[in-house]
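Down below is the structure, laid out as structure tokens.
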Amino acid sequence: MQQDYKPGEIEKKWQERWSKSRIFEAEPSEDEKFFITIPYPYLNGNLHAGHTRTFTIGDVVARYRRMLGFNVLFPMGFHVTGTPIVGLAELIQNREPQTMEVYSRFHGIPLDVLETLDTPEKIVDYFKVESEFNMRSIGYSIDWRRKFTTTDPHYKKFIEWQFNLLYDKSLIVKGSHPVKWCPHDNNPVEDHDILHGESATIVDFTFLKFKYDDVVLPCATLRPETIFGVTNLWVNPDIEHVKIKVEKDGREEFWIVSKEAYRKLTFTDRKVDFVENVPSSSIIGIKVKNPLTGAEVITLPASFVKGGNGSGIVMSVPAHAPYDYLALRDLYDRDLSEFGIDEDLRRIEFISLIKAPEFGEYPAVEAVEKFGVTDQDDPRAEEATKVVYRREFHGGVLKENTGKYAGIAVSKIKDVLTQDLIEQGIGEVFYEFSEPVVCRCGTPCVVNMVRGQWFLNYSNPEWKEKVYRCIEKMDIIPEELRLEFNNKVDWLKDKACARRKGLGTNLPFDKKWLIESLGDSTIYMSYYIMAKFFADGITPEHLTPALFDHVLLGKVTAEDAAKDSGVPVETIKQMRSDFEYWYPVDLRSSGKDLIPNHLLFFLFHHVAIFEEDKWPLAIAINGFVSLEGKKMSKSKGPLLTLKDAVDNYGADISRLYILSSAEQTQDADWKNSGIEAARKQMDRLYGFAADIVSSGASSGMKGELKLIDRWILSRLQHRIQETNDALDSIQTRHALQNSFFLLYNDVKWYQRRGGSALLYDIMDTWVRLLSPFTPHLCEEIWETMGHGEGDFVSFAAYPVYDEGLVDMSAEFAEELVSNTLADIEEIARVTKMSPKKVILYTSPAWKTEAYKVALSMQRDGNLNVGALMKSLMAVPDMKRYGKEVPAFVKKLVPDITSMNTEKIEMLADFDLNEEAILKEASGFLAAEIGCPVEVYSADAPQYDPEKKSRFAVPLRPAIYLEK
RNA sequence: GCGAGGGUAGCCAAGCUAGGUCAAAGGCGCCAGACUUAAGAUCUGGUUGCGAAGGCAUUCGUGCGUUCGAAUCGCACCCCCCGCACCA
């Protein structure tokens, strides 16, 4: 080994050797397989620190499993379908300043090269080369023969096959769905196109169609069940209303709504025609009919009604809605003759329809009183509304007057009731933003119903049921996320799977559509297994449905598939047996952003297409990476690319840093100071290894082992065990904590205590233990330790816990030594002494005896001061110390009762000769403290000028510092 | 709003699911000492306060509570972050 650690040289050397020897190209064998996949990167930029984290975790698992003896398949591909790459090509074509800046500065693309990337194809070609190069440069153990791009003609055949299959299973259906829509651009608006209202969501209101002769006054509500409690409607006299003709599903109706509502309705899946303007006065003071209960209710004027919300007409439920109650109360003493209303509004009876534990008959009234709301324009009204709504939603149950719905929880009623209302033709769904949305072009957006859209029918209960079953059987790492996965399955609705724009595969049964890019990335892990065969003259034309049916489903015979596809039957059989060998996916490891989308779809499509024995076995999740506390952005910066990290620090240092900086779902923050520290640590490891190698050390396991040798072997076992356990649950931080930092501290203590015989053996274990994390340096050390060509540490046996090497007495002995040293140093520090001599007195026999008795009594669960005294006084020798025993016992008992059982068990089984241990260590202690150290037993101290020996207790020698 | 996760010493962070070994791992930073011509690296010690004997006092978002004993359990409250879709 060279004197200085030069990551670049070492890494290049080993990457070339790995590549040349093709050790990571996996083929089926007798060994147990392990198939690990990481979501392939989307190629609208270079790989960055976030990829670095996710992929490095995957590589560590792959390398770890390989060293445990598994036959590991770790493939990689490139995702390019969808719109962003097309958008990027346009931006580059237009020389959009921010894009040019970000891609040259952060993505590190030379400007002259960047300017040539003006088509999607060129972008894909550029980044797929870069990405593979980057992944090789950080040492990922990927089988590159299996790479592909999602626009490859072969891949498109695979996707067509998959979508035909889903279509045949009726899992792809046609329907409509609401999108945020800009009327000016005549296009859906994506989040980054929004000027205001980025956080707006689409909320589904229910229209309840109150009748006035032949005209409908629709009222929008989020709580359709309150239709049972309607006492009147609200109409704002100061806004404009219109009469319109509305056609939906072949039904024609006349509605009166606000002018704004009319505009919004034209974008829904209804045919809407303007009929005439309607003066507000003509619809106030009229009697309308509740479509469900048949009750006649009056329409009243209210200022709080906004034309832009819902239909512009509001139903009033004063028992449960504070605004309604307030508005009604505000009218009690007003003269409404201008609206032609002369009846006494106090006679309107409130209708209570929800029983909630916190409330009595009229929750709205109670809340208004509690919050002291004065009128409908009082801001506290909002608060009162929220409280009533929340309490009723979570704890409320429908009352008898709701007929067949009585007893149903409010939280469960909405979907059921809405469905019933729609069937009866008295309710409709109406989508609305939770807050106003304005397009970048300045136009207010609307919710538009896109018609004739293809959907993946994820809401299908049978489909979901299978996914639940799959999740139940899977390992979800970390386990806490299992709940999250189940919640998301529950939440998932039908997903539009076709688009007009972008790269991708055409929907095979409706060619004018492109398959949406998340849908084409669900079962591609199986494609890796086939992909390597395509190099041997298999063209896309060969990839017929029969071939996929045979290879992936085992449905058609190999012979028929061969005849149909024209591929030799032997090749097809080989593909099938490869698939049988490698599938299912043992682990899919991914960033947490993919949980509610890709990973969900990954599960849905697997359970829909494959038999149960091919369902995925585990998913692991990791958090994001920020940059000096700032969120990274591919398109806006800041961004740290994988390439920059490796160029500046090297592969192993970057790996060590990203793996150790955060655990699992925690987010990692990439800091300059942190990676600099990692560099020092690698330097130190390198220096340590170089010293051992250059000293010509060899294994010391055959010679006689000293206490400290047995100690380090024992400690090593704990570190090994912790590392293995951590890696099994993909906790790379914990794994490195043990295999790198804690182990390093142990080794320091070993050397400090004069240990040297086992340095080679320690290094031998250590280098294997660290190999998954920092493989290049480990190969380098491994080689210099005498392992010849072809003997890669990447395939050496991973260290596993060896109980036979655990030596608790050695560990206790060292603990005694280090505690004693710490105590001496503390005394010296507190007293500001530099002692000329240190004398240690180990516990007298009677105290040790008392200690043992106490431990055993505690173990039997009957330790107390009285009982211990009694049992000690029965021992003849103990009587000689009759005066000292009570004081000692009094201190001892609480000490021992407060120990946990584990410690009691351990201590009770040990019999340390403290005097011998400390005498053996006295040379070490003397050197550390800088003066002679003498050790006596407190039973018969030869020298004890200050009578310190009386303080000696088991595992805690008395200490005397002499000036 | 709904769902999920989290608040630990200067910073990052372990521990909390099985309460006592927890003044609380480890790393970083900082301070001091050793080594060195010096710096860096490395090693040693310190890093809540007090302390001329290994100790004591007070800490783990806030407030109650359970317990002989709580960072760890219960209740209430405050605060932070993430996801909520047709977009990869």
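Every read-out reported here was derived from the displayed coordinates using simple, explicitly stated rules and does not represent laboratory data. None of these values were measured; they are calculated from a predicted model. Backbone-built Cβ (ideal geometry, glycine too); neighbour counts: all protein chains shown.
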Any chance you could run the full-extension gain for residue A:222 through residue A:443? It's 0.36 nm times the residue separation minus the Cα-Cα distance, nm to one decimal.
-> 76.9 nm
Rounded, prolate or oblate: which fits segment A:1-157, taking a ≥ b ≥ c as square roots of the Cα gyration tensor eigenvalues, rounded meaning a/c under 1.5, else prolate when a/b beats b/c?
-> oblate
Once both labels are modelled 7 Å past Cα along the beta-carbon direction, what's the residue A:346-residue A:795 spacing in nm?
-> 9.6
Gained length - residue A:2 relative to residue A:382, 0.36 nm times residue gap less alpha-carbon distance = 129.5 nm
Burial order of peptide ranges A:597-608, A:296-307 (average beta-carbon count within 10 Å, highest first) | A:597-608, A:296-307
In whole angstrom, how far apart do the alpha carbon centroids of segment A:482-527 and segment A:895-935 sit?
-> 65
Does segment A:411-484 come out rounded, prolate or oblate, given a ≥ b ≥ c as the square roots of the eigenvalues of its C-alpha gyration tensor, rounded meaning a/c under 1.5 and, failing that, prolate meaning a/b above b/c?
-> oblate
Please sort A:38-48, A:784-794 by packing, taking for each peptide the average over its residues of neighbouring beta carbons within 10 angstrom, highest first.
-> A:38-48, A:784-794
Once both label points are put 7 Å beyond Cα along the C-beta direction, the residue A:818-residue A:831 separation in nm becomes 2.5
By per-residue mean of other Cβ atoms within 10 Å, what is the highest-first order of A:869-882, A:798-811?
-> A:798-811, A:869-882
In whole Hz, the Karplus estimates of ³J(HN,Hα) for segment A:53-64 (6.51, -1.76, 1.60; θ = phi - 60°; x where Gly or Pro) are 5, 4, 6, 5, 4, x, 5, 5, 5, 4, 5, 4
Between the alpha carbon centres of segment A:312-349 and segment A:233-300 the gap in Å comes to 20
Taking amide hydrogens as modeled 1.01 Å from N in the peptide plane, which residues meet the under 5 Å criterion relative to residue A:313, leaving out close sequence neighbours?
-> A:220, A:258
Please turn the phi angles of segment A:9-15 into ³J(HN,Hα) values with the Karplus equation 6.51 cos²θ - 1.76 cosθ + 1.60 (θ = phi - 60°), one per residue in order, whole Hz, x for glycine and proline.
-> 5, 4, 5, 4, 4, 6, 5
Amide H proximity to residue A:498 below 5 Å, modelled H, separation 5+ or other chain, gives A:454, A:516
Pop out the ³J(HN,Hα) list for segment A:315-331 in order, Karplus 6.51 cos²θ - 1.76 cosθ + 1.60 with θ = phi - 60°, rounded to Hz; leave Gly and Pro as x.
-> 8, 10, 10, x, 5, 10, 10, x, 4, 5, 4, 5, 5, 5, 4, 4, 8
At each listed q (0.05, 0.07, 0.10 Å⁻¹), what is the log10 of I(q)/I(0) that the Debye formula gives for chain A modelled as equal alpha-carbon point scatterers?
-> -0.49, -0.84, -1.16
For segment A:650-754, what does the alpha-carbon gyration tensor say about shape, rounded, prolate or oblate, given a ≥ b ≥ c as the root eigenvalues, a/c under 1.5 as rounded, and a/b over b/c as prolate?
-> oblate
Which cross-chain or sequence-distant (5 or more) residues have an amide H under 5 Å from the amide H of residue A:275, H modelled 1.01 Å from N in plane?
-> A:243, A:244, A:245
Can you tell me the FRET efficiency between residue A:176 and residue A:31 if r is taken as the Cβ-Cβ distance and R0 is 51 Å, rounded to the nearest 0.05?
-> 0.45
